[in-house]
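Laboratory data are not the source of any read-out in this text; all were calculated from the coordinates shown. Fair warning: this is a prediction, and the values are worked out from it, not measured in the lab. Quick reminder, even Gly has a Cβ in these numbers, built from the backbone with ideal geometry, and neighbours come from all protein chains shown.
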Amino acid sequence: MNTFKRLAARGTLFGASPWITTSIFLIPVVVGLLGTWLPAFGWLPAIDSRRFSLAPWQQLFAYPGADSAIVKTLVTGLGASALALLITLLILIGLYPSKIFNQIERSLAPLLSMPHAAFAIGLGLLIMPSGWLVRLLATFTEALSTPPLWTTFQDAQGISLIFALALKEIPFLLFMSLAVLPTLKAKQTLALAGSLGHSKRYAWTWLLLPRLYKQIKLPFYAVVAYSLTVVDIAMIAGPTTPPTLAVLVNQWFYNPDFQYRMVGAAGATLLLLINVVTLLVLHLSEKPLEKLRTAMLNKGAHHRKRFHWETPAAIVASLSLIGLYIASILQILFWSFASRWRYPDLLPEHFSLRSWGRIFNRIEEPFFCSFWLAVLSAFIALVLTILMLENEVRIKQRKPGFDAQRSVLIVYLPLLIPQIAFLFGFQVFLIQTRLDANFYSLLWSHCVFVIPYVFLTLSGPYRKFDQRYSVAAVTLCSCPAKSFWKVKFQILLRPILYAFATGFSVSIAQYLPTLFVGAGKFSTITTEAVAMTSGSDRRLIAVMALWQQILPLIIFLLATLVPSLLFKNRKAMQQSSI
Amino acid sequence: MCFELTDFQITLNNEALFEPFSLHIKAGQIGAITGPSGSGKSTILSDILGVLPAIFSRSGNIRLNEKDITGLPTGQRHVGIFFQDDLLFPHLNVFENLVFGIPAKLSKKEKAQKISSALSHAGLQGFEKRDIATLSGGQRARISLLRTLLSEPKLILLDEPFSKLDEELRDQFRSWVFKQIQLQDIPAVLVTHDARDIPESAVKIELEVSYA
């Protein structure tokens with residue numbers, strides 16, 4: 001403790017924090033990428049393969065359905081990202097600023113806290129031919145008295161995957177946009193454009209969207225990278241024969257024939273390539289689009305009276321979004337307690353606790369593993385994030401012109417590189433250094449993905465903090481530590497707890513890191529839930545999905561309740577500024 | 001107690017913000033620094049506090065009670081500051097705000113007594129448990145100054161202290177502030193762009209912008 005204090009007093013800990021964080025990111029990424037690239041070209045000493053060759057690539061392209069898997073990857077990944085971006089923009093154009101929008105803003109936290117896999121499971125149960133949607137239709141028409149033979153989930157075209165991904169990413173993009181709208185002076189711009197006789201749509205399309213896009217570019221890239229390369233959601237909601245490339249790669253990595261490790265490595269590298277090229281194309285298309293916009297803008301506005309469809313469309317979109325989330329949670333909830341639930345009945349005939357009981361026997365270990373991973377990784381991420389942001393304050397004190405945005409790119413790195421492109425290599429590295437199947441290695445791998453989200457959630461409110469409070473506090477009590485804990489930390493308690501909850505739910509949702517780094521020795525409720533989706537009873541799947549959701553929800557609830565209770569008599573502390 | 005600035009000058013990129021000046025004030029005295037906006041008034045206060053951004057550099061001395069304080073960190077300078085915004089901590093009530101700066105060596109009872117008598121001198125008796133957000137601007141300003149004075153600084157800095165108050169409140173509050181400073185018997189440095197804020201007895205410094 002004394003050393004800690006001395007380090008903190010000299011500011012070394014603050015100065016070191018960006019380096020500690022960067023190495024937590026960079027070591028797994030760099031080691032992991034190399035450890036994947038080498039086997040992709042035939043070098044994998046672990047299985048006695050020490051000759052560079054293109055054989056893994058030839059095997060990859062010769063694999064039945066590989067080309068179709070690549071096409072599906074592109075269609076679902078790009079489709080989902082585009083859909084998510086368009087609906088996010090539609091909701092902003094149609095509803096910002098308005099009372100409805102404030103309502104949506106308030107519902108974002110629970111939507112964000114829902115693990116991807118749990119949402120995909122719920123959505124699946126909902127839209128399957130025997131789900132609530134079809135049952136609801138069946139009450140109106142005789143034609144549906146038996147479940148139809150439609151494939152509405154895990155369809156070969158990947159439509160259900162596109163929807164599952166897009167619906168899960170819209171809240172994230174909305175959340176990231178909300179953080180930057182004030183800096184764009186969106187309300188003022190809209191009012192000004194209105195006074196000049198332009199419509200809201202005109203102001204958004206030509207004035208605000210281009211600037212907003214620049215600000216949410218990195219989150220959007222993260223969405224693209226995620227959608228192109230996700231494994232767990234694609235296993236639950238995606239097409240099966242063949243699946244998307246990411247799922248195929250994962251199958252290769254777990255093929256009993258060790259030769260397939262190298263095919264998997266080649267596939268993972270191909271996925272990385274697809275990802276990099278896609279992001280590069282997006283980046284390069286910005287300049288031409290910008291030129292086009294300026295040209296269009298210079299032509300002047302057309303004051304045509306047009307129907308303002310965007311507001312009703314945005315209302316429909318946001319209601320469906322929230323409705324689908326609620327419906328899928330309820331659908332899971334009902335299934336988990338159902339004992340007999342015949343087709344077209346809207347409600348189960350009997351309820352029972354049997355499924356909960358059956359899961360209870362096998363939940364204990366994964367439950368505690370998930371819990372400790374999430375608590376510890378969120379805590380480590382929070383400490384590092386606060387140290388880095390305090391370091392920023394110190395640097396700004398010395399150099400007021402310091403641009404904090406530069407650090408953002410490095411924070412985004414783990415979100416822009418596909419997990420599957422480096423986790424295999426990282427696993428090989430861990431095995432070789434005998435650090436595999438070790439709880440701390442697993443924790444490390446979770447931190448790689450938890451830190452970025454904690455940093456992104458906390459940095460906004462933290463940077464907005466009026467530093468004069470701290471100056472006043474230090475001059476009053478002569479003690480920087482007391483002034484931090486009693487003033488800054490407490491004023492920022494709400495966003496700090498919110499960031500912790502975000503990190504917690506990100507860790508709970510991790511699938512691939514646990515699969516690869518846990519090496520079968522550790523399982524979490526998420527790996528269990530995903531494993532169960534192939535073939536189990538849907539009641540058991542429902543219970544598992546609920547367990548997955550309960551933990552983050554409780555933490556988010558605490559994160560909102562604790563500050564509200566602590567500051568219940570402090571009016572100025574009541575507005576939830578996350 | 002006394003406070004002095006000697007041959008004091010601040011430069012930015014080798015350009016002086018103002019001509020060098022010296023200021024010497026005794027306990028209970030007010031040194032008033034005026035000058036056009038952008039002349040570096042608030043920068044001087046940052047430097048006295050020890051939070052001068054590194055892009056600036058200073059020449060000359062800052063001495064408080066004959067002791068050079070330029071090497072000390074903010075917390076050890078015993079300099080209090082009063083901003084135009086009250087900067088009362090929103091998560092603490094009036095009592096908790098006031099007790100924050102009271103030297104720890106006092107007992108709980110002594111602290112409570114100090115606060116209660118300070119509040120009643122300010123016409124705010126019984127306000128201990130009030131939430132900051134429910135107070136008027138004038139009440140907040142008074143509590144903010146009390147908070148600074150209760151921390152027993154050896155020098156108090158006033159950064160445009162009255163500019164956010166409305167006319168009516170302003171005169172009344174101004175004379176109250178100067179009375180409090182005299183009672184406390186410490187030197188004060190006032191920075192303002194408004195000549196009406198400066199008491200007759202003050203040692204006046206008008207910054208000359210250097211166009212060198």
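Distance from the C-alpha centroid of the range A:18-91 to that of the range B:1-19: 60 Å, rounded to the whole angstrom. Stretched out straight at 0.36 nm per residue, the stretch from A:Phe439 to A:Val383 would grow longer than its current Cα-Cα span by 18.2 nm. So, R0 is 41 Å and r is the distance between the beta-carbons of B:Ala133 and B:Asp68; what FRET efficiency does that work out to, to 0.05? My answer for the efficiency is 0.50.
Only aspartates and glutamates eight or more places from B:Lys26 in sequence, or on another chain, were considered; those with a Cα closer than 17 Å are B:Glu4, B:Glu66, B:Asp68, B:Glu152, B:Asp185, B:Glu200.
Apply the a/c threshold of 1.5 to the C-alpha gyration tensor of the range B:90-152 and tell me whether it is rounded, prolate or oblate. Judged from the Cα gyration tensor, the range B:90-152 comes out prolate (a/c at least 1.5, a/b above b/c).
Summing Lys and Arg as +1 and Asp and Glu as -1 over all other residues whose Cβ lies under 14 Å from the Cβ of A:Thr527 gives a net charge of -1.
Hey, which lysines would be in cross-link range of A:Lys168, C-alpha to C-alpha under 22 Å, not counting anything within fewer than 8 residues on its own chain? Correct list for A:Lys168: A:Lys72, A:Lys214, A:Lys217.
Counting only alpha carbon atoms, the long axis of helix B:108-121 and the longest principal axis of chain B meet at about 80°. Overall, the anisotropy analysis places the range B:69-205 in the oblate class: the square-rooted eigenvalues a ≥ b ≥ c of its C-alpha gyration tensor yield a/c not less than 1.5, with a/b not exceeding b/c. The angle between the Cα long axis of helix B:137-150 and the main principal axis of chain B comes to about 80°, on a 0 to 90 degree scale.
Classified by the C-alpha gyration tensor, chain A has a rounded form. Its axis ratio a/c, with a ≥ b ≥ c, is below 1.5.
Anything over 24 Å Cα to Cα? Flag those among A:Lys482/B:Lys41; A:Lys486/B:Lys67; A:Lys488/A:Lys568; A:Lys185/A:Lys399, in the order listed.
Values: A:Lys482/B:Lys41 29 Å; A:Lys486/B:Lys67 30 Å; A:Lys488/A:Lys568 18 Å; A:Lys185/A:Lys399 26 Å.
Among A:Lys482/B:Lys41; A:Lys486/B:Lys67; A:Lys488/A:Lys568; A:Lys185/A:Lys399, the Cα-Cα distance tops 24 Å for A:Lys482/B:Lys41; A:Lys486/B:Lys67; A:Lys185/A:Lys399.
Relative to the dominant Cα principal axis of chain B, helix B:167-184 is inclined by about 90°.
For the pair A:Val375 and A:Ser23, what calculated FRET efficiency results from E = 1/(1 + (r/R0)^6), where r is the Cβ-Cβ distance and R0 = 30 Å, to the nearest 0.05?
0.85
Think of each Lys and Arg Cβ as +1 and each Asp and Glu Cβ as -1; about the Cα centre, that makes the dipole of the range B:90-152 roughly 100 debye.
Over the range B:90-152, what is the relative contact order in whole percent, taking alpha-carbon pairs under 8 Å and six or more residues apart?
Once divided by the residue count of the range B:90-152, the mean separation gives 51 percent.
Between A:Lys571 and A:Val316, the modelled label-to-label distance comes to 4.4 nm, taking each label 7 Å out from Cα in the direction of the beta carbon. Under 5 Å from the amide H of A:Ser49 lie the amide H atoms of A:Leu44, each residue being 5 or more positions distant or on a separate chain, with H modelled from the backbone and absent for Pro and chain starts.
For A:Leu284 and A:Leu133, a Förster radius of 56 Å and the Cβ-Cβ distance give a FRET efficiency of 0.85, rounded to the nearest 0.05.
Determine the sum of side-chain charges near B:Glu4: Lys and Arg each +1, Asp and Glu each -1, restricted to other residues whose C-beta is under 12 angstrom from that of B:Glu4.
Numbers: positive: B:Lys26, B:Arg63, B:Lys67; negative: B:Asp7, B:Glu66, B:Asp68.
Result for the neighbourhood of B:Glu4: 0.
Taking K and R as +1 and D and E as -1, what net charge do the other residues with C-beta under 11 Å from the C-beta of B:Arg170 add up to? Intermediate values should be presented prior to the final figure.
Details: positive: B:Lys164, B:Arg174, B:Arg196; negative: B:Asp166, B:Glu167, B:Glu168, B:Asp171, B:Asp194, B:Asp197.
Spelling it out: positives minus negatives among the neighbours equals -3.
Between the range A:542-567 and the range A:388-464, the C-alpha centres lie 24 angstrom from each other. Taken as entire DSSP H runs, the helices of chain A that both span 30 Å or more between Cα atoms along their own long axis and average 1.0 or more on the Kyte-Doolittle scale are A:12-40, A:66-95, A:159-180, A:260-284, A:310-337, A:538-566. Label separation (B:Val209 vs A:Thr183): 3.1 nm, computed from points 7 Å beyond Cα along the C-beta direction.
Between B:Ala122 and A:Cys479, the simple label model (points 7 Å from Cα in the Cβ direction) yields a spacing of 2.2 nm. How many angstrom lie between the Cα centre of the range B:149-212 and the Cα centre of the range B:24-92? That distance is 13 Å.
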